[in-house]
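The values are calculated or read from the model by the stated rules, or taken from the named source; none is laboratory data. Here the structure is a predicted model, which is why all the values come from computation and not from measurement. For neighbour counting, all protein chains shown are included, and Cβ atoms are generated from backbone atoms with ideal geometry for every residue, glycine included.
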Amino acid sequence: MSDETNIIDDVYEHVPGMILKTLGKWFHEKARDCMSPIVEIGSCAGLSSICLGLGSRDGHRVTVYCVDPFNGGGATPEEGYVNVGVSLPQWQDNISRYGLQDICKPIAEYSENAHKKYSGGPISLLFIDGDHTYKYVKMDIELWTPHLKKDGILLLHDAGFPGVQQATEELIADNPGWRKQDFYWIKR
């Protein structure tokens, strides 16, 4: 068994999350090749953050910006920006467990507020796994994909969810600025 497989297996044993292990391994592989920052929208306890961070550490050591209100699954902006940061300590503990504090940087904000503060430069890989309703998926695509560099990767989690599917069909699928590759998109 490779070191990569061993570390990813360990992550899945210790960190809660909703992404499949095959995706975690894919994140590790893709992040290893990134030459500019990675941004994930929706970090929760840090499962995807860690997989991306481990890949970055094994590659070019680019920053992984982890955007999440860390509100413990709390309210949407319509209900008020409540509990922001309440679950950040759990994420930080998980990041520390794997020694990724220098690579994985939390942005404890809702995506639309984090976007205003982002100054990390062109993004190599954008993973959108925030609120899956159409309104918020569309907003995340519109706010964050302009930062994606040419040939950058866009992955939308839970692509079969109605809101994710509708936003993807409207903004990405028939857009000549995008090319589908397996289960993700590449910016042209």
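Only residues that are out of contact with any Cys (no Cβ under 8 Å at 6 or more places or on another chain) and not in a loop (DSSP other than H, G, I, E, B): list them for region 24-38, please.
The answer is Trp26, Glu29, Lys30, Arg32, Asp33, Ile38.
Examine region 92-106 for a residue that is in a loop (DSSP other than H, G, I, E, B), under 14 Å from Pro37 (Cβ atoms) and out of contact with any helix residue (DSSP H, G or I) (no Cβ under 7 Å at 6 or more places or on another chain), and state whether such a residue exists.
yes
Could you look through region 38-66, keep only residues that are in contact (Cβ under 8 Å) with a residue 60 or more places away in the chain, over 17 Å from Trp185 (Cα atoms) and not small (Gly, Ala, Ser), and pick out the one that is surrounded by the fewest Cβ atoms within 10 Å (Cβ to Cβ)?
Result: Val62.
Going by the structure shown, is Ile153 of a type in the set (Val, Ile, Thr), modelled with pLDDT of 95 or more, out of contact with any Asp or Glu (no Cβ under 8 Å at 6 or more places or on another chain) and assigned to a strand (DSSP E or B)?
yes
Can you run down the residue pairs with Cβ atoms below 8 Å, 6 or more apart or on separate chains, where the first is in region 1-25 and under 21 Å from Glu40 (Cα atoms) and the partner is among the β-branched types (Val, Ile, Thr)?
Val11/Ile50; Val15/Ile50; Lys21/Ile8; Gly24/Ile8; Gly24/Val11; Lys25/Thr5; Lys25/Ile8
Quickly run through region 1-11 and pick out the residues that are over 22 Å from Gly130 (Cβ atoms) and assigned to a helix (DSSP H, G or I).
Matches in region 1-11: Asp3, Glu4, Thr5, Asn6, Ile7, Ile8, Asp9, Asp10.
Output yes when any residue across region 123-134 is free of Cβ contacts under 8 Å to residues at least 40 places away in the same chain, surrounded by 21 or more Cβ atoms within 10 Å (Cβ to Cβ), under 25 Å from Gly59 (Cβ atoms) and not hydroxyl-bearing (Ser, Thr, Tyr), and no when none is.
The answer is no, given that none of the residues of region 123-134 is free of Cβ contacts under 8 Å to residues at least 40 places away in the same chain, surrounded by 21 or more Cβ atoms within 10 Å (Cβ to Cβ), under 25 Å from Gly59 (Cβ atoms) and not hydroxyl-bearing (Ser, Thr, Tyr).
Need pairs with beta-carbon distance below 6 Å; first residue over 13 Å from Lys138 (Cβ atoms) and of a type outside the set (Val, Ile, Thr) and within region 153-169, second at pLDDT 95 or above and in a helix (DSSP H, G or I); sequence gap 6+ or separate chains.
Here the result reads Asp158/Val164, each pair linking region 153-169 to a residue that is at pLDDT 95 or above and in a helix (DSSP H, G or I).
Conditions (1) over 23 Å from Met18 (Cα atoms); (2) assigned to a loop (DSSP other than H, G, I, E, B); (3) out of contact with any Lys or Arg (no Cβ under 7 Å at 6 or more places or on another chain), marked per residue:
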site	(1), (2), (3)
Gly121	yes, yes, yes
Gly130	no, yes, yes
Met139	no, no, yes
Val164	no, no, yes
